[in-house]
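Please read the structure below before turning to the comments.
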Amino acid sequence: MQTESRRLPLFTFPVLAILLVGSGCSGVPLAPQAEPEVAQQAQQGPQYIVELLDENHRGETKKLPLTPGATVQTAIDASQARKKFSRFHVAVSRLPAYPGAPPQKLVSGYDHVGKQVPMEYDYSLRPGDRVVILKDTANSMDDMFGSILNPLRTAAGTPTVGSNPLQYD
């Protein structure tokens, strides 16, 4: 005669963990915000963040107001990135559509000769977007000889020059 087991199935713990993580911290009481801070945030309206990073990933962060029709080019102009860096890479980190999902990464191209973002990469911005502008250390010699030297660099085990590092983060 077999007795019934009182043990829970193996999938019970992972399901409970997912439910707890997905519910967020709604059960934790938060300290009330000061009234002036709440009023100031409501007056500012939606915002996006621009991060200007040098080759060592150090830099500054700016919070900018989201205007109607704002794009990646608008963020570059508003942050004055062209004055700080002569060449750079651009990517947008967008908040996920539902809780628990990873942020969406939109890698954008930038035309350094035309000094603008090509139309197919000029994404419109949403509230909470993070625009990352990373300094490019390549120069015009790398542009001319990069297609010849990059395979040799890859074979030697050194990083290639001119490729967008934001595509692999």
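The values are calculated or read from the model by the stated rules, or taken from the named source; none is laboratory data. If you're wondering where the values come from, they're calculated on a predicted model, not measured in any experiment. Neighbour counts run over all protein chains shown; Cβ positions are idealised from the backbone, glycine included. Accessible surface is based on the protein model in full, side chains and every heavy atom, while ligands, DNA and RNA are left aside. Shrake-Rupley method; radii C 1.70, N 1.55, O 1.52, S 1.80 Å.
The residues of the stretch 47-146 expose, per residue, 58 Å² of accessible area to a 1.4 Å probe. Other residues lying with their Cβ under 11 Å from the Cβ of Gln47 contribute a combined charge of +3, Lys and Arg counting +1, Asp and Glu -1. Estimated from the Cβ-Cβ distance and a Förster radius of 45 angstrom, the FRET efficiency linking Ala78 and Tyr98 is about 0.95. If the chain linking Asp111 and Leu64 were pulled fully straight, counting 0.36 nm for each residue of separation and taking away their Cα-Cα distance, it would gain 14.6 nm.
With N denoting the number of residues in the stretch 47-146, provide Rg(C-alpha) divided by 2.2 N^0.38 Å, to two decimal places.
Taking the Cα Rg and dividing by 2.2 N^0.38 Å, one obtains 1.09.
When the accessible area of the stretch 47-146 is split by element with a 1.4 Å probe, what percent falls to carbon and sulfur? C and S fraction of accessible area: 53 percent.
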